[in-house]
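Heads up: the structure comes next, in structure tokens.
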Amino acid sequence: MPLLAIVALAGISYAFRLAGPLLRGRVRLTKSADGLIAAATGVLLMSLAATQALTQGHGFAGWARPAGVAVAGLLAVRKAPFPVIVIAAAATTALLRLLGVS
Amino acid sequence: MSALPATTPRSTLLRDVSLICLADGIVGASLGAISVAGGLPWWVPVVMSLLVFAGGAQFAVTSVVLAGGSPVAAVAAGALLNTRLAPYGFTVAGITSQNWWTRLAGAQITTDESVAFALRETDESQARRAFWTCGGLLYAGWNVSVVLGVLAGTAIKNTAAFGLDATFPAVLLALALPTITDRRTRVASGAGAAIAVALTPVLPAGLPVLTALAGLVATISPRRRKGGED
């Protein structure tokens, strides 16, 4: 991961953040643009979560990890606090591995 | 139902912000630990946290890179996730508009959390206080926790035994679920996730996630029908 990539992402992110304060009063985001951004965020996060949970390299990650992530998903749906979700995911996966499930 | 108080007491604000900082701190520590355990140099998560300061994007970038994806694919995924910061910027523009340096500094601490805290207040000076308190403390807390995570990740050799690899997708899932509230976005996210997983064995790392955006077609096409609404 080169430093240049981090700086590029930082620059792009900062530009997104500063657009509002700089353009305030002159430009308004349309409702459909807002909606599309929200939808793209959901799609991207879900597909990242799914690939990270299920795959390792180009293959299957094994059962322990997706099991931990599934527990996290259940807790998230039930609106559990963030630390509980994160720790439950790690604990479930660790426990399964301790029991010999890879 | 009685009217809600227009302002949040200072102690309540500090308590709520501390809880958010603690929660994000655990996430930040996890990010730092996984990054170095996955083989990235220690400064990558540290510098990225200082400059990018956006948890979701940092997780996205790191997971693409750790999966062997190219930096370009990683930056593209992170940048796409951060497009949501633009509408946030418009939302809090009035709060940071006193002078040029509050605009510049305020922009860097514009995050899901600081905007949410600002929106909670009805009075503008209270909203300003909530935004700067949350954004400032979160910036400090996030960066400290990432450094602590890096130290822990360097010390713990076998992170798989602790299930730390499950925390990454768990965080992404917990971030994603509240954003997919309507049926159309659910369909798009489900389709996108299926596409990404199906293409992972055949495409170079990082690309499957970007092709998942094809799932967005599911959100757009119904609108083309006359009078289509959800």
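By the Cα gyration tensor, the protein assembly as shown has an equivalent ellipsoid whose semi-axes, rounded to whole angstrom, run 31, 24, 20 from largest to smallest.
Give me the dipole magnitude in Debye, nearest 20, for the protein assembly as shown about the Cα centre, with unit charges on the beta carbon: positive for Lys and Arg, negative for Asp and Glu.
Numbers: 24 positive and 12 negative charges, 128 e Å.
That gives a dipole near 620 debye.
Counting Cα-Cα pairs of chain A in 10 Å increments starting at 0 gives whole-percent bin shares of 13, 26, 27, 23, 8, 2, 0. Figure legend: label point modelled 7 angstrom from the Cα of A:L99 along Cα→Cβ; residues of the stretch B:141-180 with amide N under 19 Å from it are B:160-167. Apply the a/c threshold of 1.5 to the C-alpha gyration tensor of the stretch A:1-43 and tell me whether it is rounded, prolate or oblate. Oblate is the answer for the stretch A:1-43, as a/c is 1.5 or above yet b/c matches or exceeds a/b.
If you take the Cα centroid of the stretch B:112-128 and the Cα centroid of the stretch A:7-24, the two points sit 20 Å apart.
Note on A:V84 and B:L148: their simple-model spin labels are 2.1 nm apart, each label 7 Å out from Cα toward Cβ. Classification of the stretch B:120-215 by its C-alpha gyration tensor yields an oblate form. The axis ratio a/c (a ≥ b ≥ c) is 1.5 or more, and b/c is at least a/b. Ranking of A:V77, B:V17 by neighbouring Cβ atoms within 10 Å, starting from the fewest: A:V77, B:V17. The modelled label-to-label distance for the pair B:T211/B:N158, using points 7 Å beyond Cα in the direction of Cβ, is 3.7 nm.
Provide the net charge surrounding A:Q52, with neighbours chosen by a C-beta distance below 14 Å and charges set as Lys +1, Arg +1, Asp -1, Glu -1.
Details: positive: A:R65; negative: B:D165.
Taking every other residue near A:Q52 into account, the sum is 0.
Among the DSSP helices (H) of chain B, those spanning at least 27 angstrom by Cα along their long axis with an average Kyte-Doolittle hydropathy of -0.5 or more are B:10-37, B:124-155; this is a geometric and hydropathy rule only. If one puts a single equal scatterer on every Cα of the stretch B:10-178 and applies the Debye formula without solvent, what log₁₀ I(q)/I(0) results at q = 0.16, 0.17 Å⁻¹? The calculated log intensity ratios at q = 0.16, 0.17 Å⁻¹ are -0.94, -1.04.
The numbers here are math on the coordinates, done by the rules we state, and not lab data. Just so it is clear, the structure is predicted and the values come from calculations on it, not from any experiment. For neighbour counting, all protein chains shown are included, and Cβ atoms are generated from backbone atoms with ideal geometry for every residue, glycine included.
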